[in-house]
1. Quick one: in segment 100-144, which of the residues that are in a helix (DSSP H, G or I), over 21 Å from Arg181 (Cβ atoms) and among the polar types (S, T, N, Q) is modelled with the highest pLDDT?
2. Working only within segment 19-60, note down all residues that are touching a Phe, Trp or Tyr at 6+ places or on another chain (Cβ under 9 Å), hydrophobic (A, V, I, L, M, F, W, C) and surrounded by fewer than 20 Cβ atoms within 10 Å (Cβ to Cβ).
3. Quick check, is Leu187 under 19 Å from the mean Cα position of the chain (by Cα) and touching a residue at least 12 places away in the same chain (Cβ under 8 Å)?
4. Residues of segment 244-293 being hydroxyl-bearing (Ser, Thr, Tyr), assigned to a helix (DSSP H, G or I) and in contact with an Asp or Glu (Cβ under 7 Å, 6 or more places away or on another chain), which ones?
5. Which pairs do you get when a residue that is closer than 12 Å to Asn70 by Cα, found in segment 129-157, comes within reach of a residue that is part of a loop (DSSP other than H, G, I, E, B) and hydrophobic (A, V, I, L, M, F, W, C), reach meaning Cβ atoms under 8 angstrom, with the pair 6+ apart or on two chains?
6. For the list (1) among the acidic types (Asp, Glu); (2) modelled with pLDDT of 95 or more; (3) closer than 28 Å to Glu93 by Cβ; (4) surrounded by fewer than 21 Cβ atoms within 10 Å (Cβ to Cβ), I need the number of the one condition that Asp303 fails.
7. Looking at segment 150-243, what helices (runs of 4 or more DSSP H) fall wholly within it and have at least 2 residues that are surrounded by fewer than 24 Cβ atoms within 10 Å (Cβ to Cβ)?
8. Determine which member of the set Arg220, Arg261 is without any contact (Cβ under 8 Å) to a residue 12 or more places away in the chain and closer than 16 Å to Ala163 by Cβ.
Amino acid sequence: MKWHLLIFLLCISVVVKAQQEFNLYTGKIPNSKGCEVKEVWAEENGKRGTVKKVTVPTLKVFMPESTGSNRPAVIICPGGGYANLSIFDGGYETATELNKAGIVAFVLKYRLSDSLCNTNNSLIALQDAQQAIYLIRENVAKYGINPNKVGYLGFSAGGHLAAMASTHFEDKQIDSDISLRPDFTILAYPIISFRDSLTAPGSKTKINLLGKNVTQAQIRWYSAELNVSNQTPPAFLIHASDDQTAPVENSLSYYEALHKRNIPATIKVYQKGGHGFANYNKAEDDHWLPQAAKWLKLNHFLD
């Protein structure tokens with residue numbers, strides 16, 4: 001019985017070690033008014049879990065079974081239109097799949113604009129994304145990560161956040177003496193642009209982030225395809241042609257901007273799949289994350 005108990009405790013310790021969650025900030029959260037708002041967790045028809053009213057941002061760590069000191073790390077930014085976070089399929093499940101490829105995964109639970117508990121609502125998500133990459137690079141030895149192999153994976157509005165972090169890394173929203181430039185990005189059906197020509201009718205993502213009185217200067221700053229530079233990291237993009245929430249032209253425009261600057265990029269466009277298929281496109285019976293892992297190997301981010 002003692003051996004059984006020991007084995008049980010060891011198993012529990014492995015699980016705890018594999019999935020630790022910690023706050024992004026110690027002490028006062030920047031741009032926070034200190035409101036005590038409870039997060040709202042919901043599960044929709046047993047399919048997709050979401051969390052709303054996030055005021056305390058966190059990172060949840062998923063460690064692969066393999067060990068080493070040269071492993072890549074991926075910061076996962078769930079989608080949800082900056083109104084909620086689809087944190088299960090576009091977060092935890094994705095992290096588990098990345099672990100199978102030997103990738104250390106961090107699910108970012110970033111602050112949302114609907115909380116009414118923050119100042120600079122339009123910048124807090126980017127601030128949290130930058131804080132995440134800062135903390136990971138500061139603790140690479142702890143997690144066995146190569147500091148030059150840290151990137152983002154973003155879904156939908158989380159893809160917008162990842163693209164913003166990839167094009168505005170020099171616009172530091174935190175105090176950092178560490179580079180905030182990601183080494184790569186993986187973007188799944190991302191909202192790349194807030195230009196009217198690339199925004200789906202009825203989309204509230206832009207309003208959720210910027211409010212109703214949006215200026216042309218804001219549209220330009222928050223449209224990642226207009227801010228690609230020679231320093232923008234490589235990207236793997238995946239989208240469906242029949243996406244009615246984030247038109248496929250979002251990914252196409254970002255790919256074109258990267259391609260014009262000879263930045264390595266791959267884009268996969270499904271004929272069918274719609275929006276929000278997460279890691280598995282049911283319409284075409286395709287699991288696409290292994291293809292992203294091959295792309296990481298091709299570009300020497302994954303051994």
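The values are calculated or read from the model by the stated rules, or taken from the named source; none is laboratory data. Computed from a predicted model, the values in this text were never measured in an experiment. Counting neighbours? That spans all protein chains shown, and the Cβs are built from the backbone with ideal geometry, glycine included.
1. Ser113
2. Across segment 19-60, the qualifying residues are Val51, Val56.
3. On the way: under 19 Å from the mean Cα position of the chain (by Cα): yes; touching a residue at least 12 places away in the same chain (Cβ under 8 Å): yes.
Answer is yes for this residue.
4. Initially, segment 244-293 is screened for residues hydroxyl-bearing (Ser, Thr, Tyr), giving 245, 251, 253-255, 266, 270, 280.
Checking the rest, the ones that are also assigned to a helix (DSSP H, G or I) come to 251, 253-255.
Ser253, Tyr254 - these are the residues of segment 244-293 that are hydroxyl-bearing (Ser, Thr, Tyr), assigned to a helix (DSSP H, G or I) and in contact with an Asp or Glu (Cβ under 7 Å, 6 or more places away or on another chain).
5. Tyr143/Met63; Lys149/Phe301; Lys149/Leu302
6. Failed condition: (2).
7. Numbers: elements: 157-167, 205-210, 216-221.
It comes to 205-210, 216-221.
8. Details: Arg261 fails: without any contact (Cβ under 8 Å) to a residue 12 or more places away in the chain.
None of the others qualify; the one that does is Arg220.
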